[in-house]
Amino acid sequence: MLGVLILASALLGANLSFEKPRVIVMTDISTLKVGVGEPDDTQSLIRFLLYANEFDVEGLIATAIGRKGEVHPEYILAILDAYAKVHSNLTKHDPRYPSAEVLRRLVKAGLPGTESIGEGLDSEGSNWIISVVDKEDPRPVWIIIWGGPRELAQALWRVGKERSATDFAAFKSKIRVFAIVDQDETGPWIRENNPDLFYITSRLAFRGMYRGGDESLVTREWVDTHVNKGHGPLGAAYPNYDGGDPWGKVKGIKEGDTPSFLYLIPNGLSYPEHPEWGSWGGRYVGKGRHYFDAKDMVCSDSEVVWDERATVFRWRPAYQADFQARMDWCTMSPETANHPPVVVVDGPIQRSVRSGQRVELKASRCDDPDGNRLSYLWFQYREAGSYDGKIEINGERDSKAWFIAPEVKSEETLHIVLEVTDDGDPPLTRYGRVVVTVGPRK
Ligand SMILES: [Ca+2]
Ligand SMILES: [Ca+2]
């Protein structure tokens, strides 16, 4: 029994550690300009590059676009030219930003046209995916898919054909997928044939990037002020959207593909191996290794509704402020721009208690690199836990808080999130989380 427990906690430890994620982007980037096609992938790529310090970027693959199947890696290169011009200033804020030179070598083309998968349909992109996954690196590879998944499907088809079942399973065990809907027929094919592959499909949540919640944070005016003007060549390259989606007009930020990497940002809220815990990239529940949208509550004066998009838009004030600050990093000095606080919650992330027990919440060692004042908020992320009731947290706006574990009949989980916000401009937020398993009284 002890052996089993030790093994279980070792596995848990591996799942909860936050290594720098390895990331391959697959994008159906189709234009750099407003008014010509859909420039939302260009928006997402620009935001992604501002987070390139948080990831080990291992591939930027241009994939086939819609019915014509054009492939435009040159648009990725054009955005990297703009990134090159702000890179030296970004490194003053974080030396881990990779150079444009390094990133240019990672730009690959998928197969043009509308062919599916099979013999003769390998591409630079599909071969690149195989070589990255095959690297001697124990970390998983996150493949984030902003268009059709064909390049990944072809890679899986090729490896499945040429390797033993054991080797194919080992190959797949290193892959994590976050796809924005199924944008060609290969997404369902991949899931049908690979039940063992970790695969998140965001079917509705992704629209929370720009629909629902506080829409004043995604307008053309917001983009104009915080991105396009006075933020250097990368911000100037951001197309200020003026188009639509099936629900009507969209103006300003669209970025439906962005939740795929907001999900991976090590902000204290994200635990990428736990899609059901929720993060800036939304919340997803599993059917085996395949995950689909969950719903979070939205309360207004008159009603409570459940909405997939709310799993993303509930965090919008925080992730937009984060974007705004990073845009500032393109031109401002480290002394004048804001940087996020560092949050440390004392004690283990996962705890087990019994009904009636007092649970102590403490974050005494939080800090801010700019010396900003910090404000605290502990709250119960009800949707992420199994316990349905609401618990009372005492000292919810202090660095120390506590609550009494509720009465339960069988084991239930509670997610307590600590939100720490600085008083810089813009105010930036980071998180801590405690997952409490409550068992019934003995
Ligand atoms: Ca896209
Ligand atoms: Ca700060």
inquiry  = Which pairs turn up if I take residues in the stretch 355-370 that are basic (Lys, Arg) and look for partners that are within 16 Å of ligand 1 (Cβ to nearest atom) with beta carbon separation below 7 Å, at least 6 apart in sequence or on another chain?
reply    = none
remark   = residue 326 fails exactly one of (1) within 26 Å of residue 229 (Cα to Cα); (2) in a strand (DSSP E or B), namely (2)
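Sort through 294, 337 and tell me the only one that's aliphatic (A, V, I, L, M), at pLDDT 95 or above, under 19 Å from the mean Cα position of the chain (by Cα) and surrounded by fewer than 23 Cβ atoms within 10 Å (Cβ to Cβ).
294
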request  = Kindly list the number of the only condition in (1) open to solvent by 40 Å² or more (accessible area, probe 1.4 Å); (2) under 19 Å from residue 293 (Cα atoms); (3) small (Gly, Ala, Ser) that fails for residue 216.
outcome  = (2)
key: Wholly within the stretch 122-203, strands (runs of 3 or more DSSP E) carrying at least 2 residues that are over 20 Å from residue 55 (Cα atoms) and assigned by TED's automatic domain parsing to the domain that holds residue 72   = 198-202
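Conditions (1) open to solvent by less than 80 Å² (accessible area, probe 1.4 Å); (2) in contact with an Asp or Glu (Cβ under 9 Å, 6 or more places away or on another chain), marked per residue:
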residue: 358; (1), (2): no, no
residue: 379; (1), (2): yes, yes
residue: 384; (1), (2): yes, yes
residue: 392; (1), (2): no, no
residue: 400; (1), (2): no, yes
residue: 403; (1), (2): yes, yes
residue: 406; (1), (2): yes, yes
residue: 426; (1), (2): yes, yes
residue: 434; (1), (2): yes, no
Considering residues of the stretch 335-362 that are assigned to a loop (DSSP other than H, G, I, E, B) and charged (D, E, K, R) only, the residue nearest to ligand 1 (Cβ to nearest atom) = 335
task = Taking residue 296 as the residue in question, decide whether it is more than 16 Å from ligand 2 (Cβ to nearest atom) and either farther than 23 Å from residue 51 by Cα or charged (D, E, K, R) (or both).
result = yes
inquiry  = Which residue is nearest to ligand 1 (Cβ to nearest atom), if the candidates are limited to the stretch 21-66 and must be charged (D, E, K, R) and part of a helix (DSSP H, G or I)?
reply    = 41
query = Just wondering, is there one or more residues in the stretch 90-108 that are at pLDDT below 95 and assigned by TED's automatic domain parsing to the domain that holds residue 160?
reply = no
task = Mind listing whichever residues of the stretch 69-80 are touching a residue at least 24 places away in the same chain (Cβ under 8 Å) and charged (D, E, K, R)?
result = 70
inquiry  = Looking at 372, 394, can you tell me which residue is assigned by TED's automatic domain parsing to the domain that holds residue 428 and within 16 Å of ligand 2 (Cβ to nearest atom)?
reply    = 372
query = Residue check: is residue 398 more than 20 Å from residue 271 (Cβ to Cβ) and modelled with pLDDT under 95?
reply = no
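The values are calculated or read from the model by the stated rules, or taken from the named source; none is laboratory data. Bear in mind that the values here come from a model prediction, so they are computed numbers and not experimental data. Quick reminder, even Gly has a Cβ in these numbers, built from the backbone with ideal geometry, and neighbours come from all protein chains shown. SASA here: full protein model, heavy atoms, side chains in, ligands and nucleic acids out. Shrake-Rupley method; radii C 1.70, N 1.55, O 1.52, S 1.80 Å.
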